[in-house]
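Chemist: Supplied in structure tokens, the structure appears directly below.
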């Protein structure tokens, strides 16, 4: 097991390295004027621009920049955002550090993705197990048809409709915005009140603001997971050990949940890991519609700022997202091992291909 | 009257339809013909395809204006576009006297009227139906082009990895893992909104601006799926007897792959391609909505949605006074029908092409 985890960690580190190199190379090829973040390019002399370029470090060769970036990143420092960066006369820079900026955004995106997956599994697993016991029945056809309609509707459209009707017209949930899970401190609240605004927070406010985003997210994936659960359950329910469990006199619920679902679940867990990249994409749509300050919005702000793209923020977002996806996959591997310890020997590839073939 | 005895020989029986053995494609087609859902889906998709390719110019010729022509009289006094089936004054110019409270003063005498079948698209007063049709052309062009590109890259890399194995396989597989771990929507948005290099490429006017760039970006990030399909099939078939037989007759690797192995990956790739076009339509809509896709004034289904709802940084709260619900419903419906019919067709094809299925 330790060897298995170590091997996967090694692959993950290599992936991260290549990913950061590619991002760096890509952006070194895109012409831009980072000096524009600091001075007014129209009224600056060439010498001034060159000086700012030097202070930002973008006049050095790309590998020197990359080396500096890696060394700093290994110390947990992702540098300063170019947007709003300032230099004192001594040349020390001050501004918004990328790490916390991306961290705050990542928490929002993680709330959407994790909560969305939980809701999705809470719908797909019981429903899939239920319809598998009554294949081709009314519930089966209805749930399949509805979930197919859901996957064929663009998440943007689903989100916009939910926001317009459930949020703005019927006031079932807040239509947009985000509240942190941890409630703000009294001092922060007083400070905000002094400035004439109000801070929200706390588990209840957090969840209520995220209900519509979670539904939007879950609706997109529910068809895939429902179908997968149904197919696997139908397979497993035919197995001899299920017959044995029934013969022993276990209740139907106990047979389906304890004996069948437990054995059907591993390819579904694998699917969660494989869909992580796509989930981040769907989260971007969801953030867009519900005005959540997540990674998607951070990225687009960094790309469409007044002075051009904000490279440190972009690299930060890419790295944090990639680390999250890799960690999630590692977690999935560990969960699979917990469900079925023979997995380390059989390997995950076989499971993944079984998941997609079904 | 002479009595005739008909002798049915084995050869004659083979000539007759029912006894001739069916090829795999004929079997698949027979199964598909019995699958009513798949047939209807296929017909719907073909109809959409026809509407967005030939329908645009036909409607344009019938109503007498183009998709990018602005009609000031197609917009109400609160900038609310006119609804479906409205006749508006056929002029691009508002009179110089300008707006008053009621709206525009009447146009000069002798101006005709022109029909807006589905109403106007927004404050500029362009024909929604035409923008929908021409926008669908752009969306489907991006989706199909990107799918073909992904198929080409994926087939080549997958075939190389699966057939050659060894070091080639190791390199390609790691590369595939890498691309799979990419949050590709973020990447497409990142590159799409910063790189302007190829957004102006139109292949001498054959494509609209931004179309080729989007095709290349989507294709470049989605080839890993066909690559995995092809690689797995190639690995399974590499040791098959017919491959050994071909090698023994002196066929070289390239020929074995091309004429003996590739036909085996066509069915799964066909199913993949059908489903991928659906996914790519969604992706085009999303990327354009996020401001990194097809540029205005070219319409696409994504930009039609974005026009009503604003983009990420310029959100545009829905205001019934200045917009029509049609402007959300119509593009959404177009996207839904396309994606739904392609998904159903893909599923039908998967079942029809399954070698384990019955006749």
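Chemist: Once you put a point 7 Å from the Cα of residue B:266 and another 7 Å from the Cα of residue B:40, both along the Cβ direction, what distance in nm separates them?
Modeler: 3.0 nm
Chemist: Now a separate question. Using Cα atoms only, what is the angle between the long axis of helix A:311-339 and the major principal axis of chain A, expressed in degrees (0 to 90) to the nearest 10?
Modeler: 20 degrees
Chemist: Another question, then. Specify the angular offset, from 0 to 90 degrees and rounded to the nearest 10, of the alpha carbon long axis of helix A:62-74 from the longest principal axis of the alpha carbons in chain A.
Modeler: It works out to around 60 degrees.
Chemist: Something else about it: Fewest Cβ neighbours within 10 Å first, please rank B:259, B:147 accordingly.
Modeler: By the 10 Å Cβ count, ascending, the order reads B:259, B:147.
Chemist: Determine, from the Cβ-Cβ distance of residue A:55 and residue B:152 and an R0 of 60 Å, the FRET efficiency 1/(1 + (r/R0)^6), rounded to the nearest 0.05.
Modeler: 0.85
Chemist: Neighbouring Cβ atoms within 10 Å as the yardstick, rank A:233, A:228, B:248 fewest first.
Modeler: Lowest count first: B:248, A:228, A:233.
Chemist: Something else now. For peptide B:326-332, what's the mean number of Cβ atoms from other chains within 10 Å of each residue's Cβ? Can you show the working numbers first?
Modeler: Values: counts 0, 0, 4, 2, 0, 2, 7.
For peptide B:326-332, the averaged partner shielding equals 2.
Chemist: Additional query: Just checking the output field for A:151-164: average partner chain Cβ neighbours within 10 Å of each residue's Cβ? Before the final figure, lay out the partial values.
Modeler: Details: counts 6, 13, 7, 14, 3, 11, 11, 1, 1, 6, 3, 0, 3, 6.
Partner Cβ neighbours, averaged per residue: 6.
Chemist: Mind giving me the FRET efficiency for residue B:240 and residue A:252? R0 is 41 Å, r the Cβ-Cβ distance, nearest 0.05 is fine.
Modeler: Working: r = 46 Å, r/R0 = 1.11.
After rounding, the FRET efficiency stands at 0.35.
Chemist: What angle, in degrees between 0 and 90 and rounded to the nearest 10, separates the Cα long axis of helix A:203-237 from the longest principal axis of the Cα atoms of chain A?
Modeler: For helix A:203-237, the angle is close to 40 degrees.
Chemist: Please give the calculated 222 nm ellipticity per residue for chain A, where each DSSP H segment of at least 4 residues contributes -39500 (n - 2.57) and the sum is spread over every residue; nearest 500 deg cm²/dmol? Before the final figure, lay out the partial values.
Modeler: On the way: 15 runs with 238 residues, N = 358.
Calculated from helices alone, the mean residue ellipticity at 222 nm is -22000 deg cm²/dmol.
Chemist: Starting with the fewest neighbours, write out B:60, A:28, B:341 ranked by other beta-carbon atoms found within 10 Å of each beta-carbon.
Modeler: Going from sparsest to densest Cβ surroundings: A:28, B:60, B:341.
Chemist: Can you tell me the FRET efficiency between residue B:253 and residue B:177 if r is taken as the Cβ-Cβ distance and R0 is 35 Å, rounded to the nearest 0.05?
Modeler: 0.90
Values quoted throughout were computed directly from the atomic coordinates according to the rules given, and no laboratory measurement underlies them. Since the model is a prediction, treat every value here as computed from it, not as a measurement. Positions of Cβ are backbone-derived with ideal geometry, glycine not excepted, and every protein chain shown enters the neighbour counts.
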